[in-house]
1. Quick check: residue separation of residue A:258 and residue A:417 times 0.36 nm, minus the Cα distance between them. What number comes out in nm?
2. Can you work out the FRET efficiency for the pair residue B:136 and residue A:297, with r the C-beta to C-beta distance and R0 = 51 Å, to the nearest 0.05?
3. How long is segment B:104-153 along each principal axis, judged by its Cα atoms, biggest number first, in Å?
4. Below 8 Å, C-alpha to C-alpha, sequence gap of six or more: please give me the relative contact order for chain B in percent.
5. With no solvent and one equal point scatterer per Cα, compute the Debye intensity ratio I(q)/I(0) for segment A:31-75 at 0.17, 0.29 Å⁻¹ and report its log10, rounded to two decimals.
6. Could you list A:293, B:11 in order of exposure, starting from the residue whose Cβ has the fewest other Cβ atoms within 10 Å?
7. How much length would be gained if the chain were fully extended between residue A:2 and residue A:491, taking 0.36 nm per residue of separation minus their Cα-Cα distance, in nm to one decimal?
8. Looking at the square roots a ≥ b ≥ c of the eigenvalues of the Cα gyration tensor of the protein assembly as shown, which shape do they give, rounded for a/c under 1.5, prolate if a/b is larger than b/c, or oblate?
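None of the figures in this text is laboratory data; all of them are computed from the coordinates on show. Keep in mind it's a predicted model, so treat the numbers as computed, not measured. Cβ placement follows ideal geometry from the backbone for every residue including glycine, while neighbour counts extend to all protein chains displayed.
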């Protein structure tokens, strides 16, 4: 139970008044960000990241900084449910499945029950994921201490193959978007040889493309443009949430314990594998629909249909931090932005973080417990306030969000060129979204590009250019095989369906 | 133009994006080849990794291009309608002007003063608010941002003549 001791130390760090105030501020900001169109977890954290630069330089400041940012993330996860249930607008991609039953519940006048169920099951999902992080991450980090460049490259490979294998759309579009991210990451000075790559004599390209700018443009400006198409008005159900409704819903919730456990498992598993939160919420909804006794009523507004996707989305969103902390491989775009923050503050995410900066790691993990408790209280008590934000006319909200995005893009490097880039990425995000090019793999490739390239080059140096190094021992061979299985899983499942279909037909 | 006229079909835009990808991939491959995409004296050259990235882009976008032309009914659907595009332009054009006002080689204004004008512009144009409400909201929002960024978190934003008049440069 060495972990518990370390966790207690973490609580000691996280429970200062300053950090608790930051948690409250972070959660509140996060919910607002989650509710506003055009701002979500990833770009919200990206925009607020520069605010932590001066904070992180103080002693112990990095822990406070990560507490602020991660609480914005939890807040955004909670906030997505509010817009889904009250306005039928999923604030985040993983809240799409919440609209299926959440919005009909609201229409039936049970918005309060839907919100309570969503928040509570989010909390449960997050809690299970944090428990998993607490006990599993030291093990994984210890394991990963032995990793060399080939092992790390195979983990990166797994990340990217998972995107291709689990994408709902065309795998070729996923590959194109991902490779675009890698190519953009390569622009600038090559760290190994010092040569200039793809700069074509343009001096602003020397420092390359920062993924934070891409995140703010693609998700922020791009999202605003998409929202504009839908028109300017938001029509929503009124939000009333009093203690009586909360308690009544809480009495009802234990009935769905089976759905809850199943969703937690789906969420945690999908969260550790990258790109998981959105498919996890859909998968969990689908499973609940298939296995529940009330399965036929799903979609007409049942509480269980809110519990399933919300639990899984939060479990996945939280456990996405597990590979980020232990291996330096983020599981979601928001986790990628947090990883970017760590790098800017001078911390190296990965297995060494656990041995070199235990205060930071355990402070963060302790803050996950506290942040989710604070979050549950904040959202349960302040829903009407947050819902009121969506009633602010679009003609005010829209320019304010553009200004916020511009400030965020500028402050990353104090460069106006980045603000121009943000606008370009915004148009790109809009076109890509409309044509089903996925944005998450692009962002992740942009973040991990240099590290993936370094580990690949080092592996090639070790083996003198032989690809067989990725099968040199059991560990790296297993990860590589898994990656290839995931990469070809669309083909495998197609073949499987074809065989099963033929059998079913022949048995008729 | 009619208000609901389509601006390009999905298929046309799929093709445009795929061709843009192809051009980009070709640039990556060409530049990696220039840097050397093979094995140097001391290991992989600078273009070794990007070269294969470029090749992947070329392969994937060629398939995307072919699939764009094989898409059926969905391909013929409108990519964006003129009315929608007009809304998008009412955001993009002023945004470009806004950024250009802050960053141009001739006479740059400050972040804060331009932001006030930017917000006020939309409140007047889309919201049809009165002048008093417009000024209160736009100035109030930006003052709040100023306090937050410039004073609390000490993150400086570019300033111009108007900000200098208030004593901040």
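1. Values: separation 159, 0.36 × 159 = 57.24 nm, distance 5.23 nm.
Difference between extended and current length: 52.0 nm.
2. Numbers: r = 49 Å, r/R0 = 0.97.
Efficiency at R0 = 51 Å is approximately 0.55.
3. Taking the Cα atoms of segment B:104-153, the three principal extents are 32, 31, 14 Å.
4. Working: 172 pairs, mean separation 37.8, N = 169.
For chain B, the relative contact order is 22 percent.
5. For the requested q values the scattering log ratios are -0.46, -0.97.
6. Details: A:293 8, B:11 19.
Ascending number of Cβ neighbours within 10 Å: A:293, B:11.
7. Numbers: separation 489, 0.36 × 489 = 176.04 nm, distance 4.45 nm.
This chain segment gains 171.6 nm when fully extended.
8. Values: a/c = 1.20, a/b = 1.05, b/c = 1.15.
In terms of gyration-tensor shape, rounded.
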